[in-house]
1. Could you list, in sequence order, all residues of the range 313-333 that are without any contact (Cβ under 8 Å) to a residue 40 or more places away in the chain and over 19 Å from I278 (Cβ atoms)?
2. Please list, ordered by first then second residue, the pairs with beta carbon atoms under 7 Å, 6 or more apart or interchain, first in the range 237-256 and surrounded by fewer than 14 Cβ atoms within 10 Å (Cβ to Cβ), second not in a helix (DSSP H, G or I).
3. Quick check on my filter: what residues within the range 285-307 are among the aromatic types (F, W, Y) and either in a strand (DSSP E or B) or under 21 Å from F57 (Cα atoms) (or both)?
4. Among (1) assigned to a helix (DSSP H, G or I); (2) more than 27 Å from R61 (Cα to Cα); (3) free of Cβ contacts under 8 Å to residues at least 40 places away in the same chain, which single condition is C280 missing?
5. Considering the range 54-82 alone, what residues qualify as being closer than 18 Å to K103 by Cβ and touching a residue at least 40 places away in the same chain (Cβ under 8 Å)?
6. Which one is nearest to the chain's Cα centre (by Cα), of the residues in the range 248-266 that are closer than 28 Å to C280 by Cβ and among the hydrophobic types (A, V, I, L, M, F, W, C)?
7. Condition test on N125, is it over 20 Å from S26 (Cβ atoms), modelled with pLDDT of 95 or more and not small (G, A, S)?
8. From the list R10, R25, pick out the single residue that is surrounded by 13 or more Cβ atoms within 10 Å (Cβ to Cβ) and on the phi > 0 side of the Ramachandran plot.
Amino acid sequence: MKAVTDALGREVMIPEKIETVIALRSGALRLLAYMDATDRVIAVEGNEKRRTVPYLFANPRLKELDVIGTGNLAEPELLAMHQPDLILTTYTTAGEAEELQQKTAVPVVVLDYGDFNENIDRFYNTLDFLGRILNKQKRADSLKTFIEECIVDLDRRTKGLTHRSNVYVGGIAYCGAHGIASTEPRYAAFRMVHANNVAAGLGEVTSSPKAWLENAFIDPEQLIEWNPDKFFLDISGRTVWEEDLQNTALASSLQAIQGNELYTVLPHNWYTINYENILCNAYYIGKVMYPEAFEDIELRKKCDEIYKNFLGKGVYAEMMEAFDAYRQIKITQ
């Protein structure tokens with residue numbers, strides 16, 4: 001056994017060699033997929049059987065595993081029955097982690113999920129931490145290198161451009177699907193291509209009581225006041241924002257709707273942040289906003305490169321079949 005310090009500063013004794021793992025809460029299983037360690041996962045949360053996310057397309061075996069509770073709620077008895085070497089979890093408290101460890105007699109390690117904004121170093125630190133405890137440091141290093149290469153490439157293509165449209169993203173998921181008024185002031189894909197996000201002025205204002213959900217719900221009147229040149233709509237909220245787009249007041253007031261400057265993007269949040277989708281979205285947004293700067297980018301090929309680096313398999317075709325994203329929407333007036 002060896003001692004490690006988790007994201008909450010807890011010292012936890014874990015086995016020297018981790019052969020079996022169970023991941024709990026938002027993003028924990030995704031992180032194991034990033035680390036090419038899903039072969040060690042022996043059971044999953046109930047909702048993993050139903051999610052439409054890249055890491056499950058790349059690792060269909062995960063949907064065949066036993067479940068350790070309904071929905072996203074793990075049952076300590078089922079966790080104890082499976083007796084993994086380690087339980088990894090996110091978005092919990094030290095008290096909850098200690099209680100679960102006592103009930104299951106399995107070491108519980110809490111991870112920091114980070115984000116692609118101010119907390120990107122925390123995301124990288126988590127990859128390094130997992131690399132150390134899973135003996136996958138080379139994997140952590142290669143993924144971090146690839147991410148940085150993408151960020152530098154996106155910056156290089158766009159930072160010197162003078163004409164920048166005002167843009168808005170709506171339909172950002174928050175505990176489920178939402179419509180056009182749900183946005184992300186710090187939408188990372190916009191920042192990566194130096195887009196003028198009209199909601200950026202909201203700063204860290206968030207409607208969510210959960211610290212890791214950074215979306216904001218705005219008043220439609222505010223959207224009319226901003227009147228962005230282009231709309232990007234998160235496909236996860238399609239059933240809601242399709243109705244919003246039929247709103248007569250919005251349709252008559254927003255130039256993006258009148259000019260059919262509406263484009264769909266892959267889910268940003270779905271059981272927390274989809275990092276690989278953010279990079280795919282950034283390249284798509286770049287192609288829409290600055291076609292000449294991204295003329296050499298074949299989107300399908302680039303997205304599959306991103307998915308392969310994150311998940312070991314290109315799943316662009318599966319994602320497009322599931323979501324029908326990356327297309328322009330035309331509203332019939």
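1. Once the filter is applied, which keeps residues that are without any contact (Cβ under 8 Å) to a residue 40 or more places away in the chain and over 19 Å from I278 (Cβ atoms), the range 313-333 yields A317, E321, T332.
2. Close Cβ pairs (under 7 Å, with a partner that is not in a helix (DSSP H, G or I)) amount to T239/A177; Q255/N227; Q255/D229.
3. Passing the criteria: only Y307.
4. Of (1) assigned to a helix (DSSP H, G or I); (2) more than 27 Å from R61 (Cα to Cα); (3) free of Cβ contacts under 8 Å to residues at least 40 places away in the same chain, only one is false for C280: (2).
5. I68, N72, A74, L79, H82
6. L266
7. Working: over 20 Å from S26 (Cβ atoms): no; modelled with pLDDT of 95 or more: yes; not small (G, A, S): yes.
Here the answer is no, as N125 does not meet what is asked.
8. One residue alone meets the criteria, R25.
The values are calculated or read from the model by the stated rules, or taken from the named source; none is laboratory data. This one's a predicted model, so the numbers in the text were calculated from it and none came from an experiment. Virtual Cβ from ideal backbone geometry, glycine too; neighbours counted across all protein chains shown.
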